1. Of ASN404, ASN380, which residue is more than 25 Å from PHE330 (Cβ to Cβ) and either among the hydrophobic types (A, V, I, L, M, F, W, C) or within 22 Å of the chain's Cα centre (by Cα) (or both)?
2. Are any residues in the stretch 205-216 surrounded by fewer than 19 Cβ atoms within 10 Å (Cβ to Cβ) and either in contact with a helix residue (DSSP H, G or I) (Cβ under 8 Å, 6 or more places away or on another chain) or assigned to a loop (DSSP other than H, G, I, E, B) (or both), and if so, which ones?
3. So the check is Cβ under 7 Å with 6+ separation or different chains; which pairs have a first residue in the stretch 68-92 that's under 16 Å from PHE43 (Cβ atoms) and modelled with pLDDT of 85 or more and a second one that's open to solvent by less than 40 Å² (accessible area, probe 1.4 Å) and of a type in the set (Lys, Arg)?
4. Among all residue pairs at least 6 apart or on different chains, which show Cβ distances below 7 Å where the first residue, located in the stretch 51-64, is within 15 Å of LYS103 (Cα to Cα) and the second is aliphatic (A, V, I, L, M)?
5. Given the structure, is GLY249 out of contact with any strand residue (DSSP E or B) (no Cβ under 6 Å at 6 or more places or on another chain), in contact (Cβ under 8 Å) with a residue 12 or more places away in the chain and surrounded by fewer than 21 Cβ atoms within 10 Å (Cβ to Cβ)?
6. What tally of residues in the stretch 229-246 results from selecting those that are assigned to a helix (DSSP H, G or I), open to solvent by less than 30 Å² (accessible area, probe 1.4 Å) and either at positive phi or without any contact (Cβ under 8 Å) to a residue 24 or more places away in the chain (or both)?
7. Got a sec? Which of ILE261, ILE226 is surrounded by 20 or more Cβ atoms within 10 Å (Cβ to Cβ), farther than 30 Å from GLU107 by Cα and at pLDDT 95 or above?
8. Quickly run through the stretch 68-106 and pick out the residues that are crowded, with 18+ Cβ neighbours inside 10 Å, part of a strand (DSSP E or B) and of a type in the set (A, V, I, L, M, F, W, C).
Amino acid sequence: MRLCRHSMKFKIILSLLTISIAFMAVVAFKNQITPEKCAELGFPVMQITTDSGKQIKSKEKYESATFILQGGKEALSGNCKIRGHGNTTWNTRELYKKPYLLKLDKEREILGMPKNDKWLLIANTADKSQLRNAYASYLASKIWNKSGWVPRYRWVSLFLNNKYQGLYTVTEKVEIAEGRIQTDTQGGGVLYEVNSHLNRAWNFTTSHGEDISIRRPEGKSQEEYILMQKVLQEAEDSLFAPDFDDLTGGWRRYFDEDSLIDWFLTNEFTKNHDARFQSSCFMYFDPSDGKIHMGPVWDFDISCGNISWNGCDKPQGEWVLTASWYGRLFEDKNFVRKFKDRWLVKSAEIKGSIDWIQKTADYIRPAVEMNDSVWHNIGNRQWPHAPGWKKRKTYQSEVDYLKNWLCDRFDWINENIDSVYGLKNSGK
């Protein structure tokens, strides 16, 4: 027994030493990659230096810092604050490359995107292709584009305290603001999120069991938040009323139909796991028309087969269709007809969008390979453990997996557009 205990201790010590050596090797290699080397790849370089010189370890506490962004029309620099961002990506042990929230000292235009002071540095670390978020943005802005504003992004090489962090996207934050969600920015607009974490200042569960957080506005009184909650609850109630499908007095009085359809198509086509009303499902109330709009689309790391559970690895089968709101909407024959027409009209563009994936992969390939020379994601175990990851040893193999999955998904929806996505039995 004593020998077994010593053997176990030895194995634990050896394991810790191995991890420590690997970590030091990563740090050493990161120090060899310079901003000049990254600039040679043709991508903007963002350098952030914290006043303390410490790593970012908190999602709640900002670190004061300075930044330099080179690669646009002109170099930008100034003061900023930075903290961690995200839920799964921030907390999952296997995802070492972390995302951040950057708050500039003043509103600035970043790489051609409208000025704002808040920007996200998205790591795309759970997606070995680093393309799924970008592809969803392409779908929602170029093809199924009736959901309103879509967060824009730009690829950058990120350095934090003079150490290379990898390939990131500087991305617009989802918020009600000029140049972003265009509602009444002076008051009246409300940004909601389906959020199973219920970790915002004001959270509630609707009468049909949807967990909702109010993301914007912030700092309001309890009475004001109750009124915002009531707006969404009345909209949900209209979906489940006996006369819900009435063209003038039903749910269309409360919801923007075009945004409901296009948000659904983007998420259903990609079989985005979180989109079955679990988390990162945004919607907003626009006081200018008095309706709830679905969107913007967000968080597609575990879409397009990049997942190993709940059947989302397979291109076959419905997904968002089973969410309670959408299950109800598909009991409305006029909604079903409009959904089918939208798919059929856009089907040729969807097939063509697969070419966009390869073109974009070719563009970012040198930066992805430099990123992988540090983080060693491709061909190695990493959450969310997409099927076949052991066999995919090159970046192109990850790109091919994504393209093939989407081709199979397109064929399946096309073949089942009537049988699966036809009118549901409403019990009338």
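1. ASN404
2. Scanning the stretch 205-216 gives THR206, SER207, HIS208, GLY209.
3. Partner pairs satisfying both residue conditions: LEU76/ARG108.
4. Hits for this filter: ASP51/ALA65; ILE56/ILE82; TYR62/ILE82; GLU63/ILE56; GLU63/ILE82.
5. no
6. 1
7. Exactly one of ILE261, ILE226 is surrounded by 20 or more Cβ atoms within 10 Å (Cβ to Cβ), farther than 30 Å from GLU107 by Cα and at pLDDT 95 or above, namely ILE261.
8. Listed by number, the residues that qualify are LEU69, LEU76, CYS80, ILE82, LEU101, LEU102, LEU104.
The values are calculated or read from the model by the stated rules, or taken from the named source; none is laboratory data. Since this is a predicted model, take the numbers as computed values, not measurements. Every residue, glycine among them, receives a Cβ derived from its backbone with ideal geometry; neighbour counts consider all protein chains shown. Protein only, heavy atoms only, side chains kept; ligands, DNA and RNA dropped before computing areas. Shrake-Rupley method; radii C 1.70, N 1.55, O 1.52, S 1.80 Å.
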